[in-house]
Structure formats: structure tokens, C-alpha cells
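The values are calculated or read from the model by the stated rules, or taken from the named source; none is laboratory data. Remember, predicted model here, so these are calculated numbers, not experimental data. When we count neighbours, we look across all protein chains shown, and the Cβ atoms used for this are built from the backbone with ideal geometry, even at glycine. For the accessible areas, the whole protein counts, side chains as well, though only heavy atoms, and no ligand, DNA or RNA atoms are used. Shrake-Rupley method; radii C 1.70, N 1.55, O 1.52, S 1.80 Å.
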Amino acid sequence: MKARVLLPLIIFSFVVILLWRGLSLDPNHLPSPLINRATPAFQLNTLFDPKKTTTQQDLLGHVTLLNIWATWCGSCADEHELLVDIAKDKTLFLYGINYKDNPVTAKDWLKKQGNPYQIVATDPNGNAAIDLGVYVTPETFIIDKKGFIRYTQIGSITPDIWENTLKPIVKKLQGET
Amino acid sequence: MKKGLFFLLILFLPFYSVMAAEDFYRFDTEEQQQRFDALTSQLRCLVCQNQTLAESNAGLAEDLRKQVYQQVQRGQSDKQIVAYLVARYGDFILYRPPLSTATVGLWFGPLMILIAAVGYLIYYLRKNKQRRE
């Protein structure tokens, strides 16, 4: 084939491949700069006892699923049942941060729908969430025993995502010292 | 001629409006106000990703504008404020991607392709001209 015919074809194929790849990239899944870094320090009140405080120290010593949620967030409702189910595994530590929410509604919600969290912190102004780089709810962080963020899950957790992505990571981290 | 001009004016109607979110932040100095405006126009809203923090009405954008406001009030420099946000959200929060080895292709790619295409066109036209003479 003459170069004159081949060259535009090559360029065209190159552009097609580039665009095809671009279509599969999801702009909502931003890579977090916090991966493999220590969880940023925070100090929040707990939902059920506002006089008690909780900090990032409460994440140490076990693998934690830190879940940012709110009663006004529809996708959070979608994953709640799964979280309650996951929480049945007592080796897992679920830590909830109630994000920019009404504490009365939040407590009510957990009483009605079940509470999968060992600790529920409240972040009424969203500042702790900013420190965690949260831009979408729900967001779930997998934090290792030393308090380092190892994975971020943007959006609700589906059974598929849990089984095939998150659970293997959690199990692997539980094996670490 | 007049009709054409009128049509053009109508065509550009959408661009006459300015999109801005409505907060009411007061600053002590005009310089601080300008810095705030400049910063929020350079930072991306991560929820409505085609808008800047200055334009977007998303909840997160409001929160981040408040952060920028508080930090400007506290005397943080522009560099510090941007670094604070990039540390939490990554480079994507910058509305204009930084120029680095990874983004050189993004910045210069289209220009390079244009130059190559024009160069080839000139070459092709010249060759054709020679053939006809």
C-alpha cells in the first residue's frame, strides 16, 4: 500500500484508540493523593454521645472501613443494607462519619435501618471531609492497622464491588502486621 | 449586512451572562477580595467539573469557597492555599492543569499536530504546483 494511503489510516487509528480509551475513563473517579498516607488528623464528636470525641487514633490496631454517609444522600441509602450485612463479620471495623447531617435524623435512620458502625462521628460543617479529600458521597476508605489509607471507594458499594474489589483488599491488609 | 450582524449578536447571547455563585464574603482589604476571586476562578469544582469554584453552586464548592475565604482572612498566601487543596484533592482541582512532564502532551499536543498538518499541506501543495508547471 502506498504511504499516502497508509499514513492517514494510521493517524486515524491512533486517534480512535485515544478516544476509545477516553470514553472508558470516568471523570468522577479521581485518584486520591492520600493513598498510602496516614489518615489526616481529625477530632469529631460522636453521634450517639456528643460529649464524647473521636480522633484518627480510633482507627489504629485494626483494618477499618471508614464510610462517609448522610441521610440526605440517596446513594448512601443504596449501600446501607450491604454495610449492615458486611458488619456481621466481627473482624471488620466499620467507622462512620455522618457528613453535614442532622443528628436527630441520623440517629433515627440508624435505629430504623440498622447501625453497621462501631463508631459514628459527626462532621456537621464538612471540614473533616475536606481534609479527607471527599468530593462525593458516599465515599469509603480502607485504612490499615497503622492508620494509613490504602484504598478509596468513590460512590456506593455494590455486592460485586465488595466481593471482587474491597473484600480482597481488606483480607490482605488484615494479614499484615 | 444588518441582518447578519443582528444574527451574530443573538448568537452570542449566552456569553453575555456571567455565571457566579452567590456567597456574601466580606474582606478587610480590596487586595484580599481580588485574591479570593482569582483563586476561586483557578480552582475546579469537583462536583460540576466544568465549572470553577467561583461559578459552581454545588455544596462542596460552597464549602471550599468558605475554606479559601477563611484562609485568605488568616493571611495564608495563594501558594499555601492552593497547596492545601492539592494535598487533599490532587492536581485535578487546578482548573488549568500544571505544566509537567506528564502534561506536556496535553499542553503542546494540539499545537504540534496543527503545525505538522499545516507543514504537510504546504509540502503537498508545493509538490502539486511543481507537477503542473
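The mean number of partner chain beta-carbon atoms within 10 angstrom of a residue's beta-carbon across peptide B:37-48 is 1. Rounded to the nearest 500, the 222 nm mean residue ellipticity of the protein assembly as shown from helices alone is -14500 deg cm²/dmol, with -39,500 (n - 2.57) taken per DSSP H run of at least 4 residues. Our coupling estimate for the range A:155-167, obtained by passing each phi through the Karplus curve with A = 6.51, B = -1.76, C = 1.60 and θ = phi - 60°, is x, 5, 8, 9, x, 5, 4, 5, 4, 8, 10, 6, 4 Hz, Gly and Pro reported as x. Using a Cα-Cα cut-off of under 16 Å, which lysines could be cross-linked to A:Lys145, ignoring same-chain neighbours fewer than 8 residues away? Partners found: A:Lys90, A:Lys167, A:Lys171, A:Lys172.
Given a 1.4 Å probe and every protein chain left where it sits, what share in percent of the accessible area of chain A is carbon and sulfur? Accessible surface attributable to carbon and sulfur in chain A totals 60 percent. Its Cα gyration tensor gives chain A an equivalent ellipsoid. The semi-axes, each the square root of 5 times an eigenvalue, are 39, 18, 16 Å from largest down.
In the range B:86-107, which residues give up 50 Å² or more of accessible area once the other protein chains are added, compared with their chain alone (1.4 Å probe)? Those are B:Arg88, B:Tyr89, which lose 50 Å² or more relative to the chain on its own. Computed packing ranks the peptides A:74-87, B:100-113, A:164-177 as A:74-87, A:164-177, B:100-113, most packed first, by mean other Cβ atoms within 10 Å.
In this structure chain B gives 73 Å² per residue of accessible area when probed at 1.4 Å with all protein chains present.
For chain B, what does the alpha-carbon gyration tensor say about shape, rounded, prolate or oblate, given a ≥ b ≥ c as the root eigenvalues, a/c under 1.5 as rounded, and a/b over b/c as prolate? If you can, show how the numbers build up before the last one.
Values: a/c = 3.37, a/b = 1.74, b/c = 1.94.
Oblate shape, in that a/c is at least 1.5 and b/c is the bigger or equal ratio.
Computed about the Cα centre, the dipole magnitude for chain A is approximately 500 debye when only Lys and Arg (+1) and Asp and Glu (-1) carry charge, each at its Cβ. The residues of the range A:1-139 have, on average, 57 Å² of accessible surface per residue, using a 1.4 Å probe with all protein chains present.
One-quarter of the Cα convex hull surface for the protein assembly as shown, in nm²? Please report the intermediate quantities before stating the final value.
Working: hull surface 107.7 nm².
Averaged projected area of the protein assembly as shown's Cα convex hull equals 26.9 nm².
Comparing the full protein assembly with the isolated chain, the residues of the range A:133-155 losing at least 50 square angstrom of accessible surface (1.4 Å probe) are A:Tyr135.
Could you let me know the centre-to-centre spacing of the range B:63-133 and the range A:89-135, using Cα atoms, in angstrom? Cα centroid to Cα centroid, the span is 39 Å. Multiplying the residue separation of B:Lys79 and B:Val47 by 0.36 nm and subtracting their alpha-carbon distance yields 9.2 nm. When B and A come together, around 1300 square angstrom of accessible surface is lost from both chains combined, probe 1.4 Å.
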